[in-house]
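**Student:** Before I ask anything, let me first share the structure, which is written out below as structure tokens.
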Amino acid sequence: MRKNKLGVVSKIYLALIFLFLYIPIGVMIFMSFNSGRNVTVWKGFSLKWYDALFKSKELMSALGNTLLIAVLASLLATVLGTAAAIGIQNFKNKPRAVIQNISNLPIISPDIVMGVSLMLLFSFLGVLFHFQMGFVTVLLSHICFCVPFVVLNVTPRLRRMDRNIYDAALDLGCNQWQAFYKVVLHELSPGIFSGMLISFTYSMDDVVITHFTRGVKFHNLSTRIFEMLRKEVRPTVNALSALLFVTILLILVLINVYERRAEKRAAKR
Amino acid sequence: MKSKKLSIPYILWMLVFTMIPIVMIGLTAFRDKSGAFSPEPMMKAFGTEYRGVLLHSLWIALLSTAICLLLAYPVAYLLTRMKPSTQNTVQLIIMIPMWMNFLLRIYAWKILLQKDGALDMALSLLGIHGTYIGNTAAVVVGMVYEYLPFMVLPIFTVMSKIDGNLIEAAQDLGSNDFAVFRKVIFPLSIPGVISGITMVFVPSASTFLVAEHLGGIDDKMIGDVIDQIFLTDQNVGSALSMILMILILVFLIIMNLFGDEEAIA
């Protein structure tokens, strides 16, 4: 396609879209420095809501839970999903299609339906085995919606992989585990990595499924924000959003810069 | 490596955490509170009380999807005409808000649109007064904000894969820019449009909390209703979930007839 310079109209259009995307976030961050209690009326500059945020045990432990769940869910989902993708590949066409379709169900079904259905399952099992919903049920639910993304990311890599290199590794004296570890996992690693990254971000972002499977006592950041928004809103929420936004921005910019450097290095070779 | 064994844990997992929960929703939807078989929850779910909510949800989702498409299509097209490095940056700019928590994005709009909020203040200076929150338009704006990147990315992905030779051929054969767009780029971008529509419509039809925080009393959506009713009546809640699920499946099947499945993944 021809890469000619964009016209003025195009540039204005993109600028308007960017404004639409960033004005709400900008206003929200601006209000986090408000010294008043109200999130709309500006009363002067203050950092007290940041102070309040770091002193809030509720929010800090919720943040800890969010990170813990995201790390565990993405790791476990990656193991389960990678193994599954390799196994599924060995089925014949028809059963493979059936398994893949069932695997995609959590992606296509609405979050709320999945949340509600898992809640039904866990409350039923809870009565049967005398347990209550909490950390474990939230973790299990997060794994549920993460695994399909891992399978979807690993499968294309697996299809492109030359099966002979595994046999070659065996012929050259690797045992099955070494061949698997050194050859197969190495070949699949970009797919595994992007599956894990997607899992992590989905787990961090989830509200609905956590809301239905958390039981009574367990809270993560999403469910705390959920409660705060329903009750009285204080600028602590703004301070929290501002910090999250800056963290995400930094991580994404760093990843982007790193990728570009890698591309440049690859181009030089 | 060549055995199916590695997939056994996941197959068992899907049985317990995907299949059984769906069956449970189905079973709960056809039972009354005592646990006996009864068509009553389904009858209730189809009754007038919820029909309006369901239609309103679909209407909001349709409107949001249409606006997303109108806004996103030019963005995707402009993206294809940029240098690769600019493409990356612009894509990043569009994606960053998506990485914020879903609730915080709604909250951001809530403070922006509130009475005496930033928008109200700015427009008051110009002498315009009005309420911007608590109506269907606010819900649609929130929805568009939540899901716009889901529309931009698939359309851009498909468009950027269009063979440049086709465009050159069209130009050589005397097409001007508009004709190239109408006869080559637009038809070839349809699969992206279809997966974009799917990725926006499905979550916006079933979402909850957006309407609760940005909409008025009449702007209840099916997701909000399912959330509330599950506290008191799991049977009707399951029946509503089943109806929602079936509607979404029907929608996906229709969309699949238009486009090929590959583009969605």
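**Student:** Assuming B:G174 fulfils every condition listed in (1) more than 14 Å from every other protein chain (Cβ to nearest Cβ); (2) of a type outside the set (A, V, I, L, M); (3) assigned to a helix (DSSP H, G or I) apart from one, which condition is it?
**Tutor:** That leaves (3) as the condition not met.
**Student:** On to the next question. For the condition touching a Gly at 6+ places or on another chain (Cβ under 6 Å) and either modelled with pLDDT of 90 or more or more than 30 Å from A:E227 (Cα to Cα) (or both), what is the one hit in B:I128, B:I155?
**Tutor:** B:I155
**Student:** Please list, ordered by first then second residue, the pairs with beta carbon atoms under 9 Å, 6 or more apart or interchain, first in the range B:221-236 and at the interface with another protein chain (Cβ under 8 Å from one of its Cβ atoms), second among the aromatic types (F, W, Y) and not in a helix (DSSP H, G or I).
**Tutor:** If the second residue must be among the aromatic types (F, W, Y) and not in a helix (DSSP H, G or I), the pairs left are B:G223/B:F208; B:I226/B:F208; B:D227/B:F208.
**Student:** Within the range B:1-38, can you find the residues that are among the basic types (K, R), in contact (Cβ under 8 Å) with a residue 60 or more places away in the chain and surrounded by fewer than 17 Cβ atoms within 10 Å (Cβ to Cβ)?
**Tutor:** B:K33
**Student:** Give the range A:23-48 a look and list any residue that's part of a loop (DSSP other than H, G, I, E, B), within 27 Å of B:I94 (Cβ to Cβ) and more than 8 Å from chain B (Cβ to nearest Cβ), or say none.
**Tutor:** Within the range A:23-48, A:S32, A:F33 meet the criteria.
**Student:** Within the range B:85-127, how many residues turn out to be small (G, A, S) and on the phi > 0 side of the Ramachandran plot?
**Tutor:** Total satisfying the criteria: 1.
**Student:** Mind checking which residues of the range A:98-133 are of a type in the set (F, W, Y), more than 8 Å from chain B (Cβ to nearest Cβ) and in a helix (DSSP H, G or I)?
**Tutor:** Those that are of a type in the set (F, W, Y), more than 8 Å from chain B (Cβ to nearest Cβ) and in a helix (DSSP H, G or I): A:F122, A:F129.
**Student:** Here's a follow-up. Yes or no: B:V184 within 14 Å of chain A (Cβ to nearest Cβ) and modelled with pLDDT under 90?
**Tutor:** yes
**Student:** Condition first: in contact with a Phe, Trp or Tyr (Cβ under 7 Å, 6 or more places away or on another chain), modelled with pLDDT of 85 or more, hydrophobic (A, V, I, L, M, F, W, C) and part of a helix (DSSP H, G or I). Can you find one or more residues in the range A:157-176 that meet it?
**Tutor:** no
**Student:** Which ones in the range B:79-105 are in a loop (DSSP other than H, G, I, E, B) and either of a type in the set (K, R) or more than 8 Å from every other protein chain (Cβ to nearest Cβ) (or both)?
**Tutor:** B:R81, B:K83
**Student:** Right, another one. For residues in the range B:1-53 being of a type in the set (D, E, K, R) and under 28 Å from the mean Cα position of the chain (by Cα), which is nearest to B:Q234 (Cα to Cα)?
**Tutor:** B:K44
**Student:** A follow-up question, please. Out of everything in the range A:227-269 that is under 20 Å from B:W109 (Cβ atoms) and basic (K, R), what residue ends up being surrounded by the fewest Cβ atoms within 10 Å (Cβ to Cβ)?
**Tutor:** Within the range A:227-269, the match that is surrounded by the fewest Cβ atoms within 10 Å (Cβ to Cβ) is A:K231.
**Student:** Determine, yes or no, whether B:D163 is surrounded by fewer than 19 Cβ atoms within 10 Å (Cβ to Cβ), more than 9 Å from chain A (Cβ to nearest Cβ) and either modelled with pLDDT under 90 or more than 30 Å from B:I222 (Cα to Cα) (or both).
**Tutor:** It is true that B:D163 is surrounded by fewer than 19 Cβ atoms within 10 Å (Cβ to Cβ), more than 9 Å from chain A (Cβ to nearest Cβ) and either modelled with pLDDT under 90 or more than 30 Å from B:I222 (Cα to Cα) (or both).
**Student:** Run A:D51 past the list (1) within 12 Å of another protein chain (Cβ to nearest Cβ); (2) assigned to a helix (DSSP H, G or I); (3) farther than 30 Å from A:I209 by Cβ and report the number of the one that doesn't hold.
**Tutor:** Only one criterion is unmet by A:D51, namely (1).
**Student:** Of everything in the range A:206-232, what is without any contact (Cβ under 8 Å) to a residue 12 or more places away in the chain and in a helix (DSSP H, G or I)? Give them in sequence order.
**Tutor:** Within the range A:206-232, A:E227, A:M228, A:L229, A:R230 qualify.
**Student:** So, in the range B:106-158, how many residues would count as being assigned to a loop (DSSP other than H, G, I, E, B) and either buried (at least 22 other Cβ atoms within 10 Å of the Cβ) or basic (K, R) (or both)?
**Tutor:** Total satisfying the criteria: 2.
**Student:** Within the range B:191-207, does at least one residue satisfy the condition of being β-branched (V, I, T), over 15 Å from B:L62 (Cα atoms) and either without any contact (Cβ under 8 Å) to a residue 24 or more places away in the chain or not in a loop (DSSP other than H, G, I, E, B) (or both)?
**Tutor:** no
**Student:** When you look at B:L58, is it within 14 Å of another protein chain (Cβ to nearest Cβ) and either on the phi > 0 side of the Ramachandran plot or in contact (Cβ under 8 Å) with a residue 60 or more places away in the chain (or both), yes or no?
**Tutor:** Answer is yes for this residue.
**Student:** Return the pair list, or none, for Cβ contacts closer than 7 Å from residues in the range A:68-97 that are at the interface with chain B (Cβ under 8 Å from one of its Cβ atoms) and touching a residue at least 24 places away in the same chain (Cβ under 8 Å) to residues that are surrounded by 15 or more Cβ atoms within 10 Å (Cβ to Cβ) and not in a helix (DSSP H, G or I), at least 6 apart or on different chains.
**Tutor:** The qualifying pairs are A:I86/B:M1.
**Student:** Out of curiosity, is A:I198 away from chain B (no Cβ under 11 Å), closer than 20 Å to B:I93 by Cα and in a helix (DSSP H, G or I)?
**Tutor:** Against the criterion (away from chain B (no Cβ under 11 Å), closer than 20 Å to B:I93 by Cα and in a helix (DSSP H, G or I)), A:I198 qualifies.
**Student:** Considering A:R224, A:R261, A:R234, A:R230, which residue is modelled with pLDDT of 90 or more and out of contact with any strand residue (DSSP E or B) (no Cβ under 7 Å at 6 or more places or on another chain)?
**Tutor:** Result of the check over A:R224, A:R261, A:R234, A:R230: A:R224.
**Student:** Then there's this: What's the total number of residues in the range A:3-22 that are more than 7 Å from chain B (Cβ to nearest Cβ) and of a type in the set (A, V, I, L, M)?
**Tutor:** The qualifying residues number 6.
**Student:** Can you tell me which residue within the range B:194-224, out of those that are under 13 Å from the mean Cα position of the chain (by Cα) and of a type in the set (V, I, T), is surrounded by the fewest Cβ atoms within 10 Å (Cβ to Cβ)?
**Tutor:** Residue satisfying both the conditions and the ranking: B:I194.
The values are calculated or read from the model by the stated rules, or taken from the named source; none is laboratory data. What you see is a predicted model, and the numbers here were worked out from it, not measured in a lab. FYI the Cβ positions are ideal-geometry reconstructions off the backbone, even for glycines, and counts take in every protein chain you see.
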